[in-house]
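A quick write-up on the structure given underneath.
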Amino acid sequence: MTKCYFIGVGGTGARCGEAMLHLCAAGLGPEELWMGFVDPDSSNGNLERTKDLLKLYQVTRATLRNPGNSQLSPKAPLFRTSVQTAVSGASWSQVPAGITSMRDLFHHSRMEDDGRDLFDALYLREEQEMDLSHGFRARPAIGAAVIGARVESDDEFWQDVFAAQQDANQNRDVRIFLVGSVFGGTGASGFPVIARRLREALNSPRVTISGALALPYFSYAPPTDSGAIIAHSGAFIHQSRGALEHYQDLLSKPGPAGPAFDNLFMFGWPRLLPLPASRTGGRAQCNPPLLPELYGALAAAGFFHGGAIPNAKVLHIARNAAPTLTWDDLPAIASPPGASSDVKAALGGLLRFAVAFRAIYAPLLDRSVHWRYERHSWYRRLLADTHAQLDGDSAQLARTKLDSYCHAFLRWMVTLVRCSSHDGLAVDLFNDNAVGADGVPDERGLLALQDELFGRAKPVFADLVTDSVPGTASFDRILDNLNAAVPPAGSEGLSAFVEALFDQCRLGDGKPLIRPT
């Protein structure tokens, strides 16, 4: 089995990791994935939201893939990927506890005279004294120095990644994918430094390193926080130009261990998407999810599936020049050319499942009411006969966690579509009005969902996903099919019902969606 690593650097890396988790839930991830995030601002809102989703993903998967209790079949795509993190936690701060500035980190007062003179020549006094607890504020030169001094094999966070050399020595493929931005501070500085450090340490033909680099894709009003050093979105384009020249050198002049990247994906957006005023860091810095981040996650998923693309140093992800973005504009993960999109099938099916489970079945399976449906065929076939034990704590934990994940996924999808659309481009992936959301993103960067999901979704459920395949089931058709379905082979407990429902929610092909007996 291939060892796969996803490393998100900075705020963009965290939001791409959020998208990657949803791809894994839909069945588009590898069998196993190590996921970690690099950010000096451990309380950053973008990072916290992704880490919360990661915890929810892990516990939901554990409750649905729990042998002897509630178990999805081995072939089930739902939550297929086992996502692991470092023992020390999912995120790593380059700034040690108790250190507040570069002067503290590099022991400025104890430097030799020559070293201190060089340090003072390279960094302004305000940069040396800048509070590092909220990141590098679009100063990649600061971040590069800090990160380069801290990525070591004996650090708990990095031990798993550096240990991949043992897998490579045993002829096991190792694939490492980094995601970050070219225009910020943490991403712009950490992305190349980490890649080069890993290339030097993991020098094996079995190890491939690729990454997705975000060009400027959003803007915001000047931050309201006071401070001498603040990131301004108006400088993103200028900063990116200088950074890209550096990447050209990285790719054209490889080091002794070879090029830092086997492939480098570049993604952006045709115009900068406007966001509310930014913050310099902390929990308040929590941007809404945007479609370019899904492109970054799709690049990672494709790399994990097929490995590096030969003879292709830089790959640009592009879309059709049309006023509407559709599923055809999202790159496939594994579908051959000319075949229907596996991304549409997977994410579209997960979307329909999340609506059906939250709107209908999660409430029906509650401990207090499930007994009312014991005489229904779907209940007898998929719950009673599989020993679901809905009165037990284990089954109810699985139900509530899956419901929470479906809620999180629907909020992410609605926000992604709404906040990525603008006057010149309409994002048309699904009927977002059927899911429903009001207002502007909250403090978590996500839109709040409206009530009465069932009433809004029922009339349009068969066509919820844009350009649904003929034969895609309605709510009523799904119920009929579940009444005749049999538990998937190898499934048991509540997960047998969940998998059957997931199967019925896939985009149809014009044939009955009933499992053969």
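A few points about this structure:
- Check on Ala388, aliphatic (A, V, I, L, M), crowded, with 22+ Cβ neighbours inside 10 Å and not in a loop (DSSP other than H, G, I, E, B): no
- Picking from residues in the stretch 350-378 that are touching a residue at least 60 places away in the same chain (Cβ under 8 Å) and over 28 Å from the mean Cα position of the chain (by Cα), the one that is surrounded by the fewest Cβ atoms within 10 Å (Cβ to Cβ) is Ser377.
- Of all residues in the stretch 423-458, those satisfying the criterion of being under 21 Å from Leu507 (Cβ atoms) and either basic (Lys, Arg) or at pLDDT below 90 (or both) are Arg456, Lys458.
- Pairs where the first residue, in the stretch 469-492, is within 17 Å of Lys458 (Cα to Cα) and the second is part of a helix (DSSP H, G or I) and among the charged types (D, E, K, R), C-beta under 7 Å, 6+ apart: Phe475/Lys458
- Looking only at the stretch 43-57, and only at residues there that are in contact (Cβ under 8 Å) with a residue 60 or more places away in the chain and more than 16 Å from Val179 (Cβ to Cβ), the one that is nearest to the chain's Cα centre (by Cα): Tyr57
- Within the stretch 286-314, residues that are more than 30 Å from Gly45 (Cα to Cα) reach partners that are buried (at least 22 other Cβ atoms within 10 Å of the Cβ) and of a type in the set (S, T, N, Q) with beta carbons closer than 8 Å, at six or more positions or on different chains, in the pairs Ala308/Ser210; Ala308/Asn263; Ile309/Asn263; Ala312/Asn263; Lys313/Asn263; Val314/Asn263.
- In the stretch 398-414, the residues that are over 11 Å from Ser70 (Cα atoms) and of a type in the set (A, V, I, L, M): Leu402, Ala408, Leu410, Met413, Val414
- In the stretch 318-333, residue nearest to Leu425 (Cα to Cα) [restricted to those that are touching a residue at least 60 places away in the same chain (Cβ under 8 Å) and not hydroxyl-bearing (Ser, Thr, Tyr)]: Pro323
- Some residue of the stretch 252-262 being under 22 Å from Trp412 (Cβ atoms), at pLDDT 85 or above and in contact with a strand residue (DSSP E or B) (Cβ under 8 Å, 6 or more places away or on another chain): no
- Restricting attention to the stretch 477-496 and to residues that are touching a Pro at 6+ places or on another chain (Cβ under 8 Å) and in a helix (DSSP H, G or I), the residue that is nearest to Ala384 (Cα to Cα) turns out to be Ala496.
- Summed over the stretch 55-95, residues that are surrounded by fewer than 18 Cβ atoms within 10 Å (Cβ to Cβ) and assigned to a strand (DSSP E or B) total 3.
For (1) outside any loop (DSSP other than H, G, I, E, B); (2) buried (at least 22 other Cβ atoms within 10 Å of the Cβ), each residue gets a yes or a no:
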position: Ala318; (1), (2): no, no
position: Gly348; (1), (2): yes, yes
position: Arg380; (1), (2): yes, no
position: Lys401; (1), (2): yes, no
position: Phe409; (1), (2): yes, yes
position: Leu416; (1), (2): yes, yes
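- Within the stretch 493-512, the presence of at least one residue that is surrounded by 20 or more Cβ atoms within 10 Å (Cβ to Cβ), touching a His at 6+ places or on another chain (Cβ under 9 Å) and not aliphatic (A, V, I, L, M) is confirmed.
- Unique residue being under 19 Å from Gln71 (Cβ atoms) and of a type in the set (Asp, Glu) when the list is Asp366, Asp342, Asp393: Asp393
The values are calculated or read from the model by the stated rules, or taken from the named source; none is laboratory data. All of these numbers come straight from a predicted model, not from anything done at the bench. Glycine also receives a Cβ, built like all others from the backbone with ideal geometry; neighbour counts cover every protein chain displayed.
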